[in-house]
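Engineer: Below are the structure tokens for one structure; questions will follow.
The values are calculated or read from the model by the stated rules, or taken from the named source; none is laboratory data. Computed from a predicted model, the values in this text were never measured in an experiment. Ideal geometry is used to build each Cβ from the backbone, glycine not excepted, and the neighbour counts take in all protein chains shown. Only protein heavy atoms, including side chains, enter the accessible area calculation; ligands, DNA and RNA are left aside. Shrake-Rupley method; radii C 1.70, N 1.55, O 1.52, S 1.80 Å.
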Amino acid sequence: MKASKRYHPSREFSQKAHVRSMGAYRKLYQQALDTPEEFWGAQAEREIHWFQKWSHVFEWNPPFAKWFVGAKTNISYNCLDRHLSTWRKNRAAIIWEGEPGDQQVLTYQELHRRVCRFANVLKGLGLKAGDTSIIYMPMIPALPIAMLACARLGIAHSVVFGGFSAEALKTRIQDLEAKVVITADGGWRRGREIHLKATADEALADCPTVKDVVVCRRTGHEVAMHAGRDHWWHELEQSVSEVCEAEVLDSETPLFVLYTSGTTGKPKGIVHTTGGYMVEVACTMKWVFDLREEDTYWCAADIGWVTGHSYIVYGPLMEGATTVIYEGAPDYPQPDRIWRIIEKYKVNILYTSPTAIRAFIKNGEQWPRKHDLSSLRLLGSVGEPINPAAWEWYHKVIGHERCPIVDTWWQTETGSIMISPMPGAIPTKPGSATVPLPGIVADVVDLDGNTVEPGKEGFLIIRRAWPAMFRTLYRDPQRYGDQYWRRIPGNYLTGDAARRDKDGYFWILGRVDDVMNVSGHRLSTMELESALVRHPAVAEAAVVARPHEITGQAVVAFVTLKHGGGDGKDLVEELRSWVGHEIGSFAKPEQIRFVESLPKTRSGKIMRRLLREIVTTDKVAGDITTLEDLSVISRLSSQQEEES
Ligand code: PRX
């Protein structure tokens, strides 16, 4: 393994940081390791307001965890009410910019008022603690308002990313048995309107549990309103009070369900609860983003994914920060939109993805150079491995060699950041997420759970439960246990491969299961394959990922057709649109390759490994629209496999 370059935090940065040295990090880590309950109890007291304290910090009935058992709290109260008696009352909580250039600044006081009003709207519809809601909205202030209003009442929300299709939305509404859907007429993306309400209507045709749909007006275009079911947000709001006390909720009250791709055709509902999630998300805002009172913080992700839940909405607001929310594409109408926003609002902390960084590199340095980026003091990366070249560019061109970079490894399941440098304490190495945060006992192991030597690849696992961890899979506790906790008994299996170097730094190598990562979006091989075989012309499909210079990975689908043969660009386009219809445009395969038969072992298993090799090395050259004959390689490889 070749030694990689190291970057040390500057003395100036370290001196002001929450955690200032490797020694200070080690001390925190050791405390959390030796006395976890004391450690987390102390964090919980410092970071969070509790209506009632816990009887004990932690309860572990493997694989089920409870944190801050018996405590009562409310995350909406912690994000809003408790700031109102401080100087933060009139601080900007949210600075929002729409893609067309419209703006809104909401102070904590104003945000509180709007959340209370909307919570009263939900109450007026008869919703209460224990109910579930689906939120399908563009990135406008109404989205965090809807989340905070649900949380205020103890209604578990499930935000569905606005890029998902009607079909995908329907599956989620049905699985969650949501009573209410909160949506908007539309939103703006790259100058085009995304017709959310129309898509929701298509999904709702088959969702009998939904009694009410609340529609926020964003684009102003006409939408169909179903009498008795659909209501305009602004109309319902007119007749409600702006006083709404936060419900006193148990620490383990479900806060949200986020559907994510797994290894089967069906997305799984990751369930997060309240108390533990709050504590660890709040701590990581300080440890990782080193948040200071004067900071303007921008996480440029989408609220539809976990990054947006924890680090656009709940984390920054719990900490009383100013969080920037931008509706549209970072390169619209020009490739410098993102840099303009940073200059305009004097953003201090930027958190984005490697895919975005690689796209900025491709657009050219002239775009960031046009803007004054001197307000930036910290940069973050999330969602996929960042290649050292992209890291170096981010460091040099955006951070002007001044800003530490935090490469944060975590997952929808983990709720909060798990492996990441503390920027004032940990020297960074481009491409490594560095070391686990306090309370996170990470390891790299073989299939039997034995730690592998430094430099060797293995499975990344977490050996102990942590406060922000998901509690179960919605309505599928068996799968939760089997898939995550029983494969290497008692340990959490992340699904990622990693290696650790001799300094104990973690290098994340990517997924080891049938999950792909395209532009930081999690896609499941099985989900894509089942979508493809639902098309009437398709007999079989096998999907693999190939490396892609911008999006990290790209999807390649091998397809056999029912009547044999297959050609023509039309069918390629039709199948791509089909996937767009079944899942969402972001899931469309980059390539569709028609084959006469899929390479299989003699026992009938599709040889994805072989297909992966084909798309990576392009051993089988060919026009993607003509039929490929994979049978020869298949036979050869099958023989080899069975002989070995
Ligand atoms: O493979 C890892 C990759 O993203 C997966 C989790 O995806 P998701 O649940 O959608 O959450 C993404 C945002 C937290 C992981 O299993 N991943 C995430 N962050 C990193 C990463 N891979 C390498 N380095 C990272 N910093």
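Engineer: Which of H581, G380, A224 sits closest to the plus end of the dipole of the chain, meaning its Cα is farthest towards the positive end, when Lys and Arg get +1 and Asp and Glu get -1 on the C-beta?
Structural biologist: G380
Engineer: Report the charge-dipole magnitude of the chain in Debye, nearest 20, computed about the Cα centre from +1 at each Lys and Arg Cβ and -1 at each Asp and Glu Cβ.
Structural biologist: Using Cβ point charges on Lys, Arg, Asp and Glu, the chain gives about 1280 debye.
Engineer: Another question, if that's okay. Loop only per DSSP, at most 14 neighbouring Cβ atoms within 10 Å: give me the GluC sites (Glu not before Pro) in the stretch 320-411, ordered by residue number.
Structural biologist: Here the sparse-neighbourhood loop sites are E365, E401.
Engineer: For the chain, with the dipole built from +1 on Lys and Arg beta-carbon atoms and -1 on Asp and Glu ones, taken about the Cα centre, which of L80, G424, G265 lies farthest toward the positive end?
Structural biologist: So the residue we want is G424.
Engineer: Any idea of R500's accessible area? Nearest 10 Å², probe 1.4 Å.
Structural biologist: 60
Engineer: Over the chain, what is the relative contact order in percent, taking alpha-carbon pairs closer than 8 angstrom and at least six residues apart?
Structural biologist: It comes to 13 percent, rounded to a whole number.
Engineer: Sticking with this structure for a sec: Work out, step by step, the length gained on full extension between K89 and Q52: first 0.36 nm times the residue separation, then minus their alpha carbon distance; give nm to one decimal.
Structural biologist: 10.9 nm
Engineer: If you build the Cα gyration tensor of the stretch 207-329 and take the root of 5 times each eigenvalue, what three semi-axes come out, in whole angstrom, biggest first?
Structural biologist: Rounded to whole Å, the semi-axes are 29, 21, 18.
Engineer: Same structure, new question: Could you work out how much longer the chain between Q103 and S585 gets when fully extended? Use 0.36 nm per residue separation minus the Cα distance between them, nm to one decimal.
Structural biologist: 170.8 nm
Engineer: With n ≥ 4 as the cut-off for DSSP H runs, can you work out [θ] at 222 nm for the chain, using -39500 (n - 2.57) per run divided by the number of residues, rounded to the nearest 500?
Structural biologist: Result for the chain: -8500 deg cm²/dmol, rounded to the nearest 500.
Engineer: As a test of reading the structure, rank E235, E38, E540 by solvent-accessible area (1.4 Å probe, protein chains only), most first.
Structural biologist: Ranked from most to least accessible, the order is E38, E235, E540.
Engineer: Over all alpha-carbon pairs in the chain, figure out the percentage whose distance exceeds 46 Å.
Structural biologist: That fraction is 14 percent.
Engineer: Would you mind getting the Kirkwood hydrodynamic radius of the stretch 361-514 from its Cα pairs, rounded to one decimal in Å?
Structural biologist: Kirkwood radius, the stretch 361-514: 16.9 Å.
Engineer: Right, here's the next one. Taking C-beta distances below 4.7 angstrom as the pairing criterion, name the unpartnered cysteines of the chain, in sequence order.
Structural biologist: C79, C150, C207, C216, C283, C299, C403
Engineer: In percent, what relative contact order does the stretch 218-274 have, based on Cα pairs under 8 Å that are 6 or more apart in sequence?
Structural biologist: So the answer I get is 25 percent.
Engineer: What FRET efficiency would be calculated for the residue pair R113, V69, taking the C-beta separation as r and a Förster radius of 30 Å, to the nearest 0.05?
Structural biologist: Rounded to the nearest 0.05, the efficiency is 0.35.
Engineer: With a cut-off of 8 Å between alpha carbons and a minimum separation of six or more residues, what is the relative contact order of the stretch 270-419 in percent?
Structural biologist: 24
Engineer: Let me ask another. Taking 0.36 nm per residue of separation and subtracting the Cα-Cα distance, what length does fully extending R534 through E37 add?
Structural biologist: Taking 0.36 nm per residue and subtracting the Cα distance, the gain is 173.9 nm.
Engineer: Send over the Kirkwood Rh of the stretch 190-263, from the inverse of the averaged 1/r over different Cα pairs, rounded to one decimal Å.
Structural biologist: One over the average 1/r among Cα pairs gives 15.9 Å for the stretch 190-263.
Engineer: With every protein chain left in place and a probe of 1.4 Å, what is the accessible surface of H195, to the nearest 10 Å²?
Structural biologist: 100
Engineer: A further question follows. Output the direction-averaged projected area (hull surface divided by four) of the convex hull of the alpha-carbon atoms of the stretch 126-199, in nm².
Structural biologist: Taking a quarter of the hull surface, the average projection is 4.8 nm².
Engineer: Under 26 Å between alpha carbons, and skipping anything fewer than 8 positions from K362 in its own chain: which lysines qualify?
Structural biologist: K5, K344, K346, K370, K396, K429, K588
Engineer: As a quick test, which of the pairs K456/K600; K72/K211; K89/K128; K170/K268 have an alpha carbon distance above 23 angstrom in this structure?
Structural biologist: Long pairs (Cα-Cα over 23 Å): K456/K600; K72/K211; K89/K128.
Engineer: Would you work out which of F13, V324, S603 lies farthest towards the positive end of the dipole of the chain? Charges go on Cβ: Lys and Arg +1, Asp and Glu -1.
Structural biologist: Value computed over the given set: F13.
Engineer: Turning to a different aspect of this structure: Using a Förster distance of 41 Å, how high is the FRET efficiency between M22 and Q478, based on the Cβ-Cβ distance and rounded to 0.05?
Structural biologist: In this case the efficiency is close to 0.45.
Engineer: Moving on to the next point. Where the accessible area of the chain is counted over protein heavy atoms with a 1.4 Å probe, how much of it, in %, is carbon and sulfur?
Structural biologist: 50
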